[in-house]
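What follows is a short report on a single structure.
Read-outs throughout are calculated quantities, based only on the coordinates presented, and are distinct from any laboratory measurement. Here the structure is a predicted model, which means the values were calculated and not measured. Using ideal geometry, Cβ is built from the backbone for each residue, glycine included, and neighbour counts are taken over all protein chains shown.
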Amino acid sequence: MYYLDFLNRRGCSPGAGERFFHAALGAHLEAGELHGATCLWDKFVGRGGLVPGMEMYNTMIMLQGSLGHAEVIVDYLDDMIFDGVFPDTNTYNVVLQLLLEGRELRKAAAIFSEMVKNECWPNEGNCARALRLFLDARYWETGIKVWSCVVENGLPPLEECGNMLVSKLKDVRLPEACKYAEDMVDRGIKLSLSTLSKLKRCLQKIKKGDIYDHLLRKWKAR
């Protein structure tokens, strides 16, 4: 007999099952019984037909993230939408953070695209973390998309992300590194002396010091 059926037969109100489930789930998590919490979810939601709310979905996403189950995290996000519980900025950021921490970069790239499409912006920690991990893994286009999101929406940490982008691109995509460096200067985003020095060395190696001189003049004018 399903728990919800049992509660209904006892004449409990429609919300009684959800309240009981929420309390029981919280008790399992507080006691550190993660496996028990997962089993409880399967009984109430998977087989019992209960439609969880945003808070319960967020709780289970955090739980599965702590267990290292990245594929389940994405499944929960899909289930939310199917149940008409649409993820908000907080939910997307939790999912993105967990996927990045688990180095699930392909899934993280897809979630990033989805959240931005829904006008949910990554928080400060996720901006810097996503940009660094995508660029280190040579997901150049995704990294550039992260930077575009940061600069177009004025998201923090703007200067840290901008300097990181130029520094990571300089050795493999020097023309783009110069383009983004100049765009930073034009926008009034502080380009550090360290980043400028790195660009200078790269440009001098290919005898393009004039590009650095042009950039330096603009930088000084700011």
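Note: relative contact order over the chain, using C-alpha pairs below 8 Å and six or more positions apart, is 10 percent. Restricting the stretch 119-160 to GluC sites (Glu not before Pro) that sit in a DSSP loop and have at most 13 other Cβ atoms within 10 Å of their own Cβ leaves GLU119.
Charges were assigned to the Cβ only: +1 to each Lys and Arg, -1 to each Asp and Glu. The resulting dipole of the chain about its Cα centre is roughly 1440 debye.
May I ask for the Kirkwood hydrodynamic radius of the chain, worked out over all distinct Cα pairs and given in angstroms to one decimal?
Value: 20.1 Å, from the Cα pair sum.
Taking the chain as a Gaussian network of alpha-carbon nodes connected by springs under 10 Å, the highest mean-square fluctuation of the residues SER194, SER167, SER148 belongs to SER194. With one equal scatterer per alpha carbon and no solvent term, the Debye-computed log10 I(q)/I(0) for the stretch 32-129 at 0.23 1/Å reads -1.24. Each Lys or Arg adds one and each Asp or Glu takes one away; over the other residues whose Cβ falls under 13 Å from the Cβ of ASP78, this sums to -4.
When the charge dipole of the chain is built from unit charges on Cβ atoms (+1 for Lys and Arg, -1 for Asp and Glu) and taken about the Cα centre, the candidate among GLY209, VAL94, VAL185 whose Cα reaches farthest toward its positive end is GLY209. Working note: Debye formula, equal point scatterers on the alpha-carbon atoms of the stretch 87-166, no solvent; log10 I(q)/I(0) at q = 0.14, 0.20 Å⁻¹ is -0.36, -0.77.
Placing +1 at every Lys and Arg Cβ and -1 at every Asp and Glu Cβ, with all other atoms neutral, what dipole size does the stretch 32-143 have around its Cα centre, in debye to the nearest 20?
280 debye
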